[in-house]
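These notes concern the structure reproduced below.
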Amino acid sequence: MSNLFNSVLLVLFGLSMFATVGAAELVFSPATPTVVVGQQITLSVAGTSGEITWTPSKGQIQGAGNQVTYIASAEAGLDVVTALDSEGNVGVVKITVTPQLSQKNTLCTNLNDAQCVLILDKRAAILIHPNGSGSGYNQELAVDFMATYAYNTLQARGYDNDEIYFLSYKPDLDFNDDAQPDYSIVDAPVTLAELRDGTNQPRYITLDDIRKAFEWAKEKGKLEQPLVVIFVDHGLPNELILNPLGTETVTADTFKVLLDDYQNSTNNQVVVILEASHSGTFVPTLSAPNRLIISSTDEELAYVSDYGRTSFLKLYFDNLQRGESFGNSMQPVNYVFATYSWPFNQQRPQMSDNTNIQNLCLNGCWGGLPNILILIPQIPSSQINLGQPIDLTVQTNISNVGMKQVWASVITPEIANQRNEQGYSLQPAPYVYLAPSDMPNTYNGSFDKFNTPGEYVITFKAEDNNGFITDAPPITLTVVGEGLTHARFDATSNIVHIPAVTVGTDIYQADLLVRQFEPEIILEVDMNSLKPADDTTSVGYSNFTPSTGEVYIPLLEVPNATGGMDTYSVTLQLEPQTSPLQFKVKAIK
């Protein structure tokens with residue numbers, strides 16, 4: 001109200017000045033601006049003299065001088081912005097603030113009446129996004145990406161802002177990739193408007209915040225579509241972590257109480273999607289009639305690479321975006337994980353459904369969105385020599401004007417084996433941006449960082465102008481060459497020599513003595529041999545995951561009867577309460 005009063009005074013003051021002296025004409029650009037609620041535009045004014053005072057009646061002004069940023073309020077309607085310079089020259093520009101655009105009408109133009117009715121059904125979703133910082137490379141950014149990707153998928157499938165309760169530790173998230181935070185997106189615990197006006201400061205999510213989210217959902221009443229609840233962050237067995245300190249969590253039993261209370265009050269169906277390590281431990285507890293539970297993994301780790309762009313959530317939501325059912329969307333993810341090398345081929349997403357909710361689709365089974373990308377990759381060979389460069393080529397079904405960027409992500413043997421306790425890579429995965437070629441819808445590039453023999457997984461990816469990323473099926477490339485020391489078995493001494501094993505951010509070397517071969521193979525650590533690795537550049541890495549007690553040896557050399565060498569990949573499992581430490585062979589292939 002005070003802003004409006006000041007604007008009126010400034011206008012009257014300007015008119016009186018104009019009556020007594022010849023006032024300069026101020027010219028605004030744009031002259032008739034329009035902006036969506038919560039969004040921002042650049043305003044400029046010409047013809048001024050000296051310093052300028054900008055005064056909006058509703059929104060906010062950031063910056064100073066002749067060019068500023070105008071941020072619309074959350075209220076649609078007309079806003080009046082006044083500019084007054086030091087000579088008393090005044091100008092007024094009227095800004096039309098439009099409601100948040102809905103995808104429903106756009107989607108309905110491509111559907112028949114029966115399909116459109118599905119989109120217009122009553123729906124609701126809760127998206128829980130705690131602070132995901134950790135020791136992984138850009139781990140927080142990866143969690144942020146997965147959360148915003150889930151939100152954008154909901155919107156693309158017809159969910160409006162007021163149908164999504166977004167609970168995020170970060171009120172200034174950027175959703176449309178314009179390098180600017182977005183209003184009207186984050187609902188709690190602190191909104192962007194509260195952050196900007198100083199009312200509240202960002203904080204960690206609490207259990208009470210989640211309870212309030214379910215109260216919001218109950219106020220929505222009876223829904224035609226299941227309530228969708230999404231959690232994106234880190235987990236422990238039977239716990240979801242709400243802050244990086246681990247001081248507050250949601251247990252499986254507490255989550256069950258929240259779901260039971262909601263369904264007892266509304267009788268609505270519920271779909272729960274959990275992207276977190278050990279999230280499969282929630283499935284037995286949360287399972288109930290009229291409830292579909294989906295977890296990114298079983299009781300083990302969930303793995304993430306390429307800033308979250310290689311993850312269960314990203315792959316699963318891609319399938320939901322294409323119009324696949326909740327159940328059918330799991331099958332392509334399992335196929336892709338099986339195609340990857342370690343550790344993704346160890347990940348086992350879980351699903352529990354007691355009422356065939358898995359046959360439903362996200363916001364109705366009316367098909368996929370238009371202009372879905374298809375990628376056709378080309379690699380000259382599946383096996384190359386150490387240090388040999390290769391050409392990377394991919395074709396798309398959409399012209400260059402519909403593409404934002406195209407690249408290839410590479411998971412090297414070192415990247416694959418260096419993971420933290422939450423499944424995130426400790427090093428950045430290499431990637432190559434591909435440039436448009438002379439051929440239509442074709443992109444080219446090259447990669448030459450094949451510095452270590454072993455398996456490399458190359459995934460071609462493309463982002464369209466709507467921010468959605470399409471993956472081609474991953475391609476495994478074998479790099480061969482001399483000079484790398486792998487784990488090896490010495491048949492004379494019955495010792496397995498491991499030249500480098502990662503434990504978090506540390507790298508050790510160790511010898512394991514085979515104590516027995518039958519009925520199962522038991523190995524014991526020679527504690528005198530356990531020390532920081534002497535060489536970390538020309539050795540093949542193994543990996544120890546403390547949370548699971550597993551050692552993964554991607555390549556173990558074993559001499560054969562002909563004098564040659566056979567190679568195996570081996571997973572060892574730590575035996576509890578053993579001293580010296582003992583392992584049994586869990587898997588070998």
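The values are calculated or read from the model by the stated rules, or taken from the named source; none is laboratory data. Everything numeric here is computed off the predicted structure, so don't read it as measured data. No Cβ is skipped: glycine too gets one built from the backbone with ideal geometry, and neighbour counts run over all protein chains shown.
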Output for the stretch 205-262, where each listed residue is of a type in the set (Ser, Thr, Tyr) and either closer than 19 Å to residue 139 by Cβ or touching a residue at least 60 places away in the same chain (Cβ under 8 Å) (or both):
247, 249
Hey, any hits in the stretch 60-69 for a residue that's in contact (Cβ under 8 Å) with a residue 40 or more places away in the chain, small (Gly, Ala, Ser) and not in a strand (DSSP E or B)?
no
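Within the stretch 77-126, which residues are at pLDDT 75 or above, of a type in the set (A, V, I, L, M) and outside any strand (DSSP E or B)?
124
This table checks each residue for (1) aliphatic (A, V, I, L, M); (2) within 18 Å of residue 300 (Cβ to Cβ); (3) modelled with pLDDT of 85 or more; (4) out of contact with any Phe, Trp or Tyr (no Cβ under 8 Å at 6 or more places or on another chain).
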| position | (1), (2), (3), (4) |
| --- | --- |
| 533 | yes, no, no, no |
| 539 | yes, no, no, yes |
| 546 | no, yes, no, yes |
| 550 | no, yes, yes, no |
| 558 | yes, no, yes, no |
| 575 | no, yes, yes, no |
| 579 | no, no, yes, yes |
| 585 | yes, yes, yes, yes |
I'd like to check something: does the stretch 18-25 contain any residue that is more than 28 Å from residue 195 (Cα to Cα), at pLDDT 70 or above, outside the structural domain of residue 163 (by TED's automatic domain parsing) and part of a loop (DSSP other than H, G, I, E, B)?
yes
Just to be sure I understand, how many residues within the stretch 241-273 are among the hydroxyl-bearing types (Ser, Thr, Tyr) and within 25 Å of residue 123 (Cα to Cα)?
4
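Here is a yes/no grid of residues against (1) buried (at least 22 other Cβ atoms within 10 Å of the Cβ); (2) under 25 Å from residue 363 (Cβ atoms):
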| position | (1), (2) |
| --- | --- |
| 243 | no, no |
| 253 | no, no |
| 257 | no, no |
| 262 | no, yes |
| 265 | no, yes |
| 271 | no, yes |
| 274 | yes, yes |
| 282 | yes, yes |
Filter the stretch 348-374 for residues that are on the phi > 0 side of the Ramachandran plot and small (Gly, Ala, Ser) and give the result.
364, 367
Single residue of 63, 38 found to be within 30 Å of residue 161 (Cα to Cα) and surrounded by 15 or more Cβ atoms within 10 Å (Cβ to Cβ):
38
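Residues are listed down the side, and each one gets a yes or a no for (1) among the polar types (S, T, N, Q); (2) surrounded by 13 or more Cβ atoms within 10 Å (Cβ to Cβ):
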| position | (1), (2) |
| --- | --- |
| 341 | yes, yes |
| 347 | yes, yes |
| 350 | yes, yes |
| 356 | yes, no |
| 367 | no, yes |
| 372 | no, yes |
| 378 | yes, yes |
Inspect all residues belonging to the stretch 178-185 and state whether any of them is within 24 Å of the chain's Cα centre (by Cα), surrounded by fewer than 16 Cβ atoms within 10 Å (Cβ to Cβ), in the same structural domain as residue 122 (by TED's automatic domain parsing) and on the phi > 0 side of the Ramachandran plot.
yes
Could you run through the stretch 412-452 and say how many residues are touching a Phe, Trp or Tyr at 6+ places or on another chain (Cβ under 8 Å), under 20 Å from residue 507 (Cβ atoms) and either modelled with pLDDT of 90 or more or among the charged types (D, E, K, R) (or both)?
2
Quickly run through the stretch 560-579 and pick out the residues that are assigned to a loop (DSSP other than H, G, I, E, B) and either touching a Leu at 6+ places or on another chain (Cβ under 9 Å) or loosely packed, with under 12 Cβ neighbours inside 10 Å (or both).
560, 561, 562, 563, 564, 575, 576, 577, 579
Checking residue 190 against (1) β-branched (Val, Ile, Thr); (2) surrounded by fewer than 23 Cβ atoms within 10 Å (Cβ to Cβ); (3) within 19 Å of residue 232 (Cβ to Cβ); (4) at pLDDT below 90, which single condition isn't satisfied?
(4)
Give all pairs with beta carbons closer than 7 Å in which a residue from the stretch 133-150 that is under 18 Å from residue 420 (Cα atoms) meets a residue that is among the β-branched types (Val, Ile, Thr) and in a loop (DSSP other than H, G, I, E, B); count only pairs at least 6 apart in sequence or on separate chains.
135/505
Applying the selection to the stretch 138-182, what residues are among the acidic types (Asp, Glu) and assigned to a helix (DSSP H, G or I)?
140, 144, 162, 163
Some residue of the stretch 513-529 being within 38 Å of the chain's Cα centre (by Cα) and not in a strand (DSSP E or B)
no
Within the stretch 338-358, can one find any residue that is in contact with an Asp or Glu (Cβ under 9 Å, 6 or more places away or on another chain), without any contact (Cβ under 8 Å) to a residue 12 or more places away in the chain and over 20 Å from residue 147 (Cβ atoms)?
no
Can you tell me which residues in the stretch 118-141 are in contact with a Phe, Trp or Tyr (Cβ under 6 Å, 6 or more places away or on another chain), surrounded by 23 or more Cβ atoms within 10 Å (Cβ to Cβ) and over 27 Å from residue 269 (Cα atoms)?
136, 139
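Results for (1) outside any loop (DSSP other than H, G, I, E, B); (2) farther than 26 Å from residue 456 by Cβ; (3) of a type outside the set (S, T, N, Q), shown as yes or no for each residue.
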{"site": "297", "(1), (2), (3)": "no, no, no"}
{"site": "301", "(1), (2), (3)": "no, no, yes"}
{"site": "328", "(1), (2), (3)": "no, yes, no"}
{"site": "358", "(1), (2), (3)": "yes, yes, no"}
Can you work out which of the residues in the stretch 488-515 that are within 23 Å of residue 561 (Cα to Cα) and among the hydroxyl-bearing types (Ser, Thr, Tyr) is surrounded by the fewest Cβ atoms within 10 Å (Cβ to Cβ)?
492
